[in-house]
2 protein chains.
Amino acid sequence: MGSLSPKLPETSQFKPLDPEELRKHAHRMVDFIADYYQNIETYPVLTQVQPGYLPARLPQTAPYLPESLDTILDDIGKEIIPGMTHWQSPNFFAFFPATISTAAFVGEMLCTCFNSVGFNWLASPASTELEMVVIDWLANMLKLPKTFMFSGSGGGVIQNTSSEAILVTLVAARDQVLAKTGYRNLGNLVVYGSDQTHSTFTKASKLAGINPSNIRLLPTSLDTGFALSPVTLRTALAADVASGLVPLYLCATVGTTSTTAIDPIETLADVANNYGIWMHVDAAYGGSACICPEFRDYLNGIERADSLSLSPHKWLLSYLDCCCLWVRKPSLLVNALSTNPEYLSNKQSESSSVVDFKDWQVGTGRRFKSLRLWMIMRSYGVANLQSHIRRHVHMAKMFEGFVKSDPRFEIVVPSKFALVCFRLISPTNKDGSGQTETLNQKLLELVNSTGQIYMTHTKVSGEYVLRFAVGATLTEERHVVSAWKLIKEGADAVCP
Amino acid sequence: MGSLSPKLPETSQFKPLDPEELRKHAHRMVDFIADYYQNIETYPVLTQVQPGYLPARLPQTAPYLPESLDTILDDIGKEIIPGMTHWQSPNFFAFFPATISTAAFVGEMLCTCFNSVGFNWLASPASTELEMVVIDWLANMLKLPKTFMFSGSGGGVIQNTSSEAILVTLVAARDQVLAKTGYRNLGNLVVYGSDQTHSTFTKASKLAGINPSNIRLLPTSLDTGFALSPVTLRTALAADVASGLVPLYLCATVGTTSTTAIDPIETLADVANNYGIWMHVDAAYGGSACICPEFRDYLNGIERADSLSLSPHKWLLSYLDCCCLWVRKPSLLVNALSTNPEYLSNKQSESSSVVDFKDWQVGTGRRFKSLRLWMIMRSYGVANLQSHIRRHVHMAKMFEGFVKSDPRFEIVVPSKFALVCFRLISPTNKDGSGQTETLNQKLLELVNSTGQIYMTHTKVSGEYVLRFAVGATLTEERHVVSAWKLIKEGADAVCP
């Protein structure tokens, strides 16, 4: 440091984790956060800032000397909040909302507090074993077969995102085949999804070294509600086998992102099992609903799949990141992903009497991820979690009813969970899709620009569709009613 | 539900995010957490439970009805805490400790609160732009060249772990080569590290579809302090080229896990640049020290690397997960990782005027990760962060001095950061490594079994070494003094 540097008093006394300071600052932050949730409806849901707004308002370098929590909280109010899209607003109906809860919030605080790095059992036994417990609890709630449970012959793990769940199972499937046929076969492996499968499936396949020309996104159509047809799958498999390629992996979806389409697990499993390929079920969104008996049929046949993933951060009140992955043969994950450096070796791991979750995921380090889910399940109980799902589905049905009652609109696909896919019908030309697209784009821009709600769109079979996704934790019927009023006013404005 | 199911009153009134309940429960949790840190020295550092302890103590299924926060907090005290290895104990000297701070704690609370899913700019502009700001701030603190900064021609992103940083850069390098030479070349690509490179490098390479027989872990030795020699690298590259293989990627390390060895960036870059391969520098641990001028030389030559990663969750007071990755050519990451589904499309992304971080990482969804780092840098200032690094290095030097003062012990590799690699010398046979190993294993087991401290071991060049890593946030000189006293007493017991 040059002599012109400002003087810092007593840096040698720097105590970044004084428990009493933590107590004081964290209490302060609790009130800031409770106030944010209290006032959340006063903010525009979709931000109205322009690209580059923030770097222009902040210094170019970190400060040399400390700043107070007061100053920082002031800046959060002045600089950060105006640039946010408020995912927790009750008027957020975009994408799939990310549900949260008080129980998960305090669970996350505790996970942060412990900051244990549970790469293997010994590094944090409670973290590993509680994860095994909650994974089995959720499996029970979903009525999964024992073959997916630790208390049976399988098991599961909390990943950060569905992307990682798909990547690690795909690599497990890949390495099982390559172990038999040799690495040279990699370029012949083929993976299958539908044109509705989440884009991360293609990304994960490319990450895993699958030949991009061997990624099949099989066509779906409105006739089958955008579900993947087993006939289409069988035809594709037969053609690939006939060409000398090696079918590897199917990613089926329960609740696709565009329209919550549901691939038929049972009949797809017939085909997948027939060809001996790994079948993964991505139930990131729709899986949560399957804790209610009236939705559980969507998982029928799951006992014949190889793996299943579901993200409680979407619809089970957990914050990000939380994606539960179950597998029937954990040893295949471990074969593909295990590392055994000396600096992590210990008697328990060597005795194979324990689970080392580093061998079930991409990274090595991992947080005490199960605390949040454990606190959700205990604080609310299965009964309340079911009622939470039903409440969202009910509000979506209500919105669907509103749409049906207005002849200017149409429902594109019947709502199955808590998403409604609808659009304005072009008044001049009922088949003019170009015009329909422009009209609905205008409507979407108009309602989003008010800051009063945020909705998004998609395209299926080339058709532009508006998506109204109920799912923010704070959303109540009155918000859905107001949203519909705003959309109707928007329609008045764009179809005069 | 059958008629025997317990009755749940008013599930329709279930409000999982009542701001006043959140306020009450979160205040309660703050006190629980502050008390935990206050009392942390009273717990055995290394857990003393046996595998399977927890499932035996918990119900097999989730409760149907809610339980109170009181009940759950009781169970955390009775069932969870006894099964934890306390990473935040000031007596934790194992692996690399994971540093934390009050500023990061409250920053994490805020990140949790917003729960914005910033996959692209529009989904959360403040999240994307604050990440760009802090990535540049930290680059400035490290005196990285402008070619790694958003304010220059590069940029960076917060990943969860080094594993992901290595995976995404490796895939970017891979796809750049395959775009020119075709997918068929995948099996010929070769990657290079040393026998000291973190095991996740091998794992990431396998995930990316690199032929396992093309992963080179080049030998190092004590003579060069376990650093990778440029001569060794050049020889390996030449041999591979001569065999018709295609060198792709080098992972150099600043501060290896076993001994904090430092690969010579500058001279390795000569070789890497010569062969036109991607050079990644993994500075997960050691990089943090480079915010102090006296350590910055270890990054000399970084301007000729293609990417650099550093994990503030290791030594910059951040909680998990936080790994900063800088790249010189962000477009190569985006080329390899971008997806553009219609349901995420928006004007800003299409205009290419913004950064969409989903295209810089494995997953799609992501948290508001920059808040924690921003609050650390502002709350403490560069001055305190430097003093924090120096304090740990000073304590390690002090411990190294203790070891040197006792003729029964030897230092295996001189301490460079805050890790001391040492061991007992076998009294009967100074060269008998088998005996030395048994003796040091005994010592390690003895001191760890007391619960008073936790240390780990490694092996380098076949030699068993004890690792004493200073780095827990709460560690003070008195803890290091007591640890040494305990180790000396252990030595008295095992070498009578």
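The values are calculated or read from the model by the stated rules, or taken from the named source; none is laboratory data. No experiment lies behind these values; they were computed from the predicted model shown. We place every Cβ from the backbone using ideal geometry, glycine too, and count neighbours over all the protein chains shown.
A compact table of results
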quantity: Candidate set: segment B:330-359, residues that are crowded, with 19+ Cβ neighbours inside 10 Å and acidic (Asp, Glu); chosen: the one nearest to B:VAL177 (Cα to Cα); calculated: B:ASP359
quantity: Selected residue (criterion: surrounded by the most Cβ atoms within 10 Å (Cβ to Cβ)) from residues of segment B:247-273 that are touching a Lys or Arg at 6+ places or on another chain (Cβ under 9 Å) and free of Cβ contacts under 8 Å to residues at least 40 places away in the same chain; calculated: B:ALA272
quantity: Among the candidates B:VAL191, B:VAL171, residue that is assigned to a helix (DSSP H, G or I), touching a residue at least 60 places away in the same chain (Cβ under 8 Å) and either among the polar types (S, T, N, Q) or within 13 Å of another protein chain (Cβ to nearest Cβ) (or both); calculated: B:VAL171
quantity: Residues satisfying the stated conditions in segment B:174-185, i.e. surrounded by fewer than 24 Cβ atoms within 10 Å (Cβ to Cβ) and in a helix (DSSP H, G or I); calculated: B:ASP175, B:GLN176, B:VAL177, B:LEU178, B:ALA179, B:LYS180, B:THR181, B:TYR183, B:ARG184, B:ASN185
quantity: Filter result for B:ALA98 (touching a residue at least 12 places away in the same chain (Cβ under 8 Å), crowded, with 23+ Cβ neighbours inside 10 Å and assigned to a helix (DSSP H, G or I)); calculated: no
quantity: Members of segment A:55-91 that are within 8 Å of chain B (Cβ to nearest Cβ), part of a loop (DSSP other than H, G, I, E, B), more than 17 Å from A:ASN39 (Cβ to Cβ) and not polar (S, T, N, Q); calculated: A:PRO55, A:LEU58, A:ALA62, A:PRO63, A:TYR64, A:LEU65, A:PRO66, A:GLU67
quantity: Members of segment A:287-301 that are of a type outside the set (Lys, Arg) and in contact with a Lys or Arg (Cβ under 8 Å, 6 or more places away or on another chain); calculated: A:SER288, A:CYS290, A:CYS292, A:LEU299
quantity: Residues of segment B:329-344 that turn out to be of a type in the set (Ser, Thr, Tyr) and at the interface with another protein chain (Cβ under 8 Å from one of its Cβ atoms), as a count; calculated: 2
quantity: Boolean, B:LEU65 is modelled with pLDDT of 95 or more and buried (at least 20 other Cβ atoms within 10 Å of the Cβ); calculated: no
quantity: One residue from A:SER309, A:SER318 being in contact (Cβ under 8 Å) with a residue 24 or more places away in the chain, within 27 Å of A:THR257 (Cβ to Cβ) and either assigned to a loop (DSSP other than H, G, I, E, B) or of a type in the set (Val, Ile, Thr) (or both); calculated: A:SER318
quantity: Filter pass, B:ALA227 being within 13 Å of another protein chain (Cβ to nearest Cβ), surrounded by fewer than 24 Cβ atoms within 10 Å (Cβ to Cβ) and of a type in the set (Gly, Ala, Ser); calculated: no
quantity: Count of segment A:462-495 residues which are surrounded by 15 or more Cβ atoms within 10 Å (Cβ to Cβ) and within 14 Å of chain B (Cβ to nearest Cβ); calculated: 13
quantity: Residue that is nearest to A:ALA269 (Cα to Cα) [pool: residues in segment A:213-233 that are more than 24 Å from the chain's Cα centre (by Cα) and not aliphatic (A, V, I, L, M)]; calculated: A:PRO230
quantity: Yes/no for B:MET375 being within 12 Å of chain A (Cβ to nearest Cβ), under 26 Å from B:LYS143 (Cβ atoms) and aliphatic (A, V, I, L, M); calculated: yes
quantity: Hits in segment B:324-360 - residues which are more than 17 Å from A:THR85 (Cα to Cα) and in contact with a Leu (Cβ under 7 Å, 6 or more places away or on another chain); calculated: B:CYS324, B:TRP326, B:VAL327, B:ASP359, B:TRP360
quantity: Top-ranked residue in segment B:207-224 [being more than 18 Å from B:ASP240 (Cβ to Cβ) and crowded, with 23+ Cβ neighbours inside 10 Å; ranked as farthest from the other protein chains (Cβ to nearest Cβ)]; calculated: B:THR220
quantity: Cross-chain or 6+ apart pairs with Cβ under 7 Å, segment A:126-154 first and away from chain B (no Cβ under 11 Å), then of a type in the set (Val, Ile, Thr) and surrounded by fewer than 22 Cβ atoms within 10 Å (Cβ to Cβ); calculated: A:SER153/A:THR147; A:GLY154/A:THR147
quantity: Residue that is surrounded by the fewest Cβ atoms within 10 Å (Cβ to Cβ), among those in segment B:132-168 that are part of a helix (DSSP H, G or I) and in contact with a His (Cβ under 9 Å, 6 or more places away or on another chain); calculated: B:SER163
quantity: Breaking point among (1) touching a Cys at 6+ places or on another chain (Cβ under 9 Å); (2) in contact (Cβ under 8 Å) with a residue 60 or more places away in the chain; (3) surrounded by fewer than 20 Cβ atoms within 10 Å (Cβ to Cβ); (4) of a type in the set (Gly, Ala, Ser), for A:SER426; calculated: (2)
quantity: Selection status of B:THR202, more than 7 Å from chain A (Cβ to nearest Cβ) and among the hydroxyl-bearing types (Ser, Thr, Tyr); calculated: no
quantity: Those residues of segment A:29-52 which are more than 18 Å from A:ALA472 (Cα to Cα), buried (at least 16 other Cβ atoms within 10 Å of the Cβ) and more than 7 Å from every other protein chain (Cβ to nearest Cβ), in sequence order; calculated: A:PHE32
quantity: B:LEU424 vs. criteria farther than 21 Å from B:PHE295 by Cβ, touching a Ser or Thr at 6+ places or on another chain (Cβ under 9 Å), modelled with pLDDT of 95 or more and more than 14 Å from chain A (Cβ to nearest Cβ); calculated: yes
